[in-house]
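Derivation of every value follows stated rules applied to the coordinates shown; laboratory data play no part. Model, not experiment: these values are computed from the prediction. As a convention, Cβ positions derive from the backbone with ideal geometry for all residues, glycine included, and neighbour counts pool all protein chains shown.
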Amino acid sequence: MHEPRVKPKNPCFGSGPTAKRPGWSLSALEGALVGRSHRSAAAKARLLEVCDRSRRILGIPEDYEIAIMPGSDTGAFEAAMWNLLGPRGVDCLVFESFGEGWLRDVERELAIADVRALRAPYGELPDLSRVDPDRDLVFCWNGTTSGVCVPDGDWIAAERAGLVLCDATSAVFAVELPWDKLDVATWSWQKVLGGEAQHGMLVLSPRALARLRSWSPPRPLPKLFRLASGGRVSEGVFAGETINTPSMLAVEDALDGLRWAEAIGGLPALVRRCRANLAVLERLVAENESFGFLAARPEIRSPTSVCLTIRDPAVARLDEAGKQSFVKAMTRLLEEAKVAFDIASYREAPPGLRIWCGATVETEDLEALAPWLVFALETVKRQLPSG
Ligand SMILES: Cc1ncc(COP(=O)(O)O)c(C=O)c1O
């Protein structure tokens, strides 16, 4: 097989930080309020603008509060867990590495005694009917390391006593989220809108805010995570007054991403772009038996972090280390050719490729990538010892 003639214009297919939006350049940041206090009226207005534009695009209800938190998605989600969890038993959905990490923290760091881990292997979802609405729930909407996404929120009870804490970082701006079913949602800027890292978004429902007011966690809370003190919610955090200093350069970039999202048609357009991107890889798999999806069932397949397995018999018979080296050789070839960066599967996930299909990725770039994946596989296969 010959080397394909066309290369993707943008080889950034990593799952975070992801590709910048089409047409992005550093000039997008020219108006950034650098050198200004983040407490100035002008800077606070920009911080609030991030929250307001996010609310508008995502359809977040008016009675939900939105904050910008330190420490990216991890910071936002940890803050939620540390402030809110404890008064009820907790169910954790564990179907890939990030959910595993949240479970570990709930059990070991928060030391909550009554915890149920509802598990599934990579590529599958746990039995969602086992989720108990009387208990709090911790889960990732989209498992970034397995390419598995919950199909909807129908399995979450409308009438529930527990709070639903959703790490939505690789789902938000890519799928419709049912806000009435989520009490906490978090994400970072460097996912579907291609922003810069280190700031996390935190959305709290009225029920989560009521928990914040009525319950004092029996654990020390670092200032960075503190959302309430002595039963009083830190209202300023939800009014553009960040706990500590944000980067106004990153804020400007987040605003650029949000404005772009609005300009192309808002959430419906973002969702359509992700689905069109996934469709390119679905065609590749349909036409090429050497590739498969880690999420075999289409209804739970992520439209953002798309995880491919290599099903070619010559690779399938290798042991784990052999498969890892095979993938490494493929990704090295693609990186050296400047065709694709950062597409090896996550270090704890089964060996394979993970290709970001979020809205900032151009469909034509994925179309150009697909033949290169076949070429890389065939090339590395020829280098395997025969037998
Ligand atoms: C589902 C999920 N949770 C948490 C994280 C960690 O995010 P961050 O690096 O923004 O803290 C990631 C990063 O990829 C993720 O995909």
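Packing, taken as the mean count of other beta carbons within 10 Å per residue, orders the peptides 155-167, 132-144 from highest to lowest as 132-144, 155-167. Across segment 345-356, rounded Karplus estimates of 3J(HN,Hα) from the backbone phi angles (6.51 cos²θ - 1.76 cosθ + 1.60, θ = phi - 60°) give 4, 4, 4, 9, 8, x, x, x, 10, 10, 10, 6 Hz, Gly and Pro being marked x. A simple spin-label model places the labels of Ser214 and Thr363 4.8 nm from each other, with each point 7 Å out along Cα-to-Cβ. Annotation: amide H of Met69 within the under-5 Å range of Gly200, Met201, Leu202, sequence separation 5 or more or interchain, hydrogens built in the peptide plane.
Our coupling estimate for segment 191-196, obtained by passing each phi through the Karplus curve with A = 6.51, B = -1.76, C = 1.60 and θ = phi - 60°, is 9, 5, 9, x, x, 9 Hz, Gly and Pro reported as x. Each Lys and Arg contributes +1 and each Asp and Glu -1, all at the Cβ; summed about the Cα centre of segment 26-262, the dipole is approximately 800 debye. Give me the base-10 log of I(q)/I(0) for segment 266-382 at each q in 0.10, 0.11, 0.19 Å⁻¹, Debye formula, one uniform scatterer per Cα, rounded to two decimals. Taken in order of the listed q values, log10 I(q)/I(0) reads -0.28, -0.33, -1.00. Taking amide H positions as modeled 1.01 Å from N, with prolines and chain starts lacking one, the residues under 5 Å from Phe293 and 5 or more places away or on another chain are Thr309.
With the helix formula -39500 (n - 2.57) applied to DSSP H stretches of n ≥ 4, the chain reaches a computed 222 nm mean residue ellipticity of -10500 deg cm²/dmol. By the gyration tensor of its Cα atoms, with a ≥ b ≥ c the square roots of the eigenvalues, what is the shape of segment 147-283: rounded for a/c under 1.5, prolate for a/b over b/c, or oblate? Oblate.
Mind pulling the per residue volume of the convex hull built on the Cα atoms of the chain? Å³ is fine.
Numbers: hull volume 53.4 nm³, N = 387.
It comes to 138 Å³ per residue, whole-number rounded.
Determine the percent antiparallel among the DSSP beta bridges restricted to the chain, to the nearest 5.
Values: 24 of 40 bridges.
Counting only bridges with both partners in the chain, antiparallel ones make up about 60 percent.
Phi-derived couplings, Karplus 6.51 cos²θ - 1.76 cosθ + 1.60 at θ = phi - 60°, listed residue by residue for segment 49-55: 4, 4, 5, 5, 5, 4, 4 Hz, with x used for Gly and Pro. Here's the list of lysines a cross-link from Lys9 could span, going by alpha-carbon distance under 25 Å and ignoring same-chain residues fewer than 8 apart: Lys20, Lys191, Lys328, Lys338. Take the Cα of Leu384, go 7 Å toward its beta carbon, and the backbone nitrogen atoms of segment 276-296 under 13 Å from that spot belong to 290-291. Label separation (Lys328 vs Glu176): 4.5 nm, computed from points 7 Å beyond Cα along the C-beta direction. By definition, a body whose alpha carbon gyration tensor gives a ≥ b ≥ c is prolate when a/c is 1.5 or more and a/b is larger than b/c, and segment 1-74 fits this prolate description. Could you let me know the centre-to-centre spacing of segment 320-369 and segment 57-123, using Cα atoms, in angstrom? The distance from the Cα centre of segment 320-369 to that of segment 57-123 comes to 28 Å. Under 5 Å from the amide H of Gly143 lie the amide H atoms of Val148, Cys149, Val150, each residue being 5 or more positions distant or on a separate chain, with H modelled from the backbone and absent for Pro and chain starts.
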